[in-house]
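What follows is one structure encoded as structure tokens, with my remarks underneath.
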Amino acid sequence: MTTNKAIIFDSSTLISLSMNGLFDELRDLKKIFGGYFFITKDVKREIIDKPLTIKRFELEAIRLKELLDEGVLEMPSALGINEKDLYKDLEKLKNIANTTFRSKQNSIYIIDSGEMSCLVLSKVLAEKGIKNVVAVDERTIRMLCEKPDNLKKLLEKKLHTSISALEENFKYFKGFKFIRSSELLYVSYKKGLVKLKGPMVLDALLYAVKFKGCAISDEEIKEIERIR
């Protein structure tokens, strides 16, 4: 395995893949990727530790734990990274993110610890010269990093109120790269890793993750299908 590239998985992407039974594709993608598939302690808590205590989610958590036990998913300690060190920046950045947008009454909470831990790990890996992307299906964190002005407009639309933004905070969230489960599945499809065959398979895969939480529009799906 090369040690100069990694994908950092947020809970949302792994849940999208899990709910559609696409772990074999993830295993095969890891083999050809040749880098790390990381999850943080906070993400592990969200997708394995806590769900193992809830009967409704127990089976899904067992399957995700199996990926971790197999080494398909890995913790940052695989690179000698102490996760306690991540928390020095995590709480600071989380507080900045969650005070960036404000209604007349209060600040708007937009990012949780799992998502923020992925960003902090991404920064640490970049400092070590390891190219990385964050796999996340939720759009809020991506919009904060890529198009914060659009996030302000989205929040105004959702909350039906005027929103102000501390634009000086935007600089803390620049430079991150993202990928969604939809793009991961597209790569799997192009590489011949998807076991299902036929002209409708790619369309079915993309819509499957869309309906399980991946923030991808119908127009984006059509664009992906045009370039296959």
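So, R0 is 41 Å and r is the distance between the beta-carbons of Glu168 and Ala78; what FRET efficiency does that work out to, to 0.05? Let's see the in-between values first.
Details: r = 36 Å, r/R0 = 0.88.
Step by step, r from the Cβ atoms, then E = 0.70.
Hey, how much of the P(r) for region 40-149 falls beyond 24 Å, as a percent of Cα pairs? Walk me through the numbers on the way to the answer.
Details: 2012 of 5995 pairs.
Of the Cα pairs, 34 percent sit more than 24 Å apart.
Among beta bridges from DSSP that stay inside the chain, the antiparallel ones total about 20%.
Compute the length gained on full extension between Asn150 and Ile227: take 0.36 nm times their separation in residues and subtract their Cα-Cα distance, giving the result in nm to one decimal. Spell out each step's value before the answer.
Working: separation 77, 0.36 × 77 = 27.72 nm, distance 2.67 nm.
Result for the pair: 25.0 nm of gain on full extension.
Placing unit charges on each Cβ (+1 for Lys and Arg, -1 for Asp and Glu) gives region 45-114 a dipole about its Cα centre, and among Leu93, Ala61, Met75 the Cα reaching farthest toward its positive end belongs to Leu93. Check region 60-154 and count each lysine pair with an alpha-carbon distance under 20 angstrom, considering only pairs eight or more places apart or from different chains. Count of close lysine pairs: 14.
Among Glu46, Glu225, Glu60, sorting on how many other beta-carbon atoms sit within 10 Å of each Cβ, with the fewest leading, yields Glu225, Glu60, Glu46. Listed by chain and number, the aspartates and glutamates whose C-alpha is less than 14 Å from the C-alpha of Lys190, apart from same-chain residues fewer than 8 away, are Glu25, Asp28, Asp203, Glu225.
Tell me, Lys5, Lys157 in order of fewest to most beta-carbon neighbours within 10 Å?
On the way: Lys5 15, Lys157 10.
By the 10 Å Cβ count, ascending: Lys157, Lys5.
Which order do the peptides 11-17, 66-72 come out in when sorted by mean C-beta neighbours inside 10 angstrom, highest first? The partial results should precede the final answer.
On the way: 11-17: 25.3, 66-72: 14.6.
The packing order, highest mean first, is 11-17, 66-72.
The computed Cα Rg over 2.2 N^0.38 Å for the structure shown corresponds, within [x] 1.10; [y] 1.15; [z] 1.03, to [z]. Scoring 76-89, 168-181 by mean Cβ neighbours within 10 Å over their residues and listing the highest first yields 168-181, 76-89. Bridging of Lys197 to lysines at a Cα separation below 22 Å is possible for Lys30, Lys31, Lys210, Lys212, Lys222, once same-chain residues fewer than 8 apart are set aside. Here the chain is assigned +1 on the Cβ of each Lys and Arg and -1 on the Cβ of each Asp and Glu. Its dipole about the Cα centre then comes out at about 260 debye.
The numbers here are math on the coordinates, done by the rules we state, and not lab data. In this text the structure is predicted, and so the values were computed from the model without any measurement. Every residue, glycine as well, gets a Cβ built from its backbone with ideal geometry; the counts of neighbours run over all protein chains shown.
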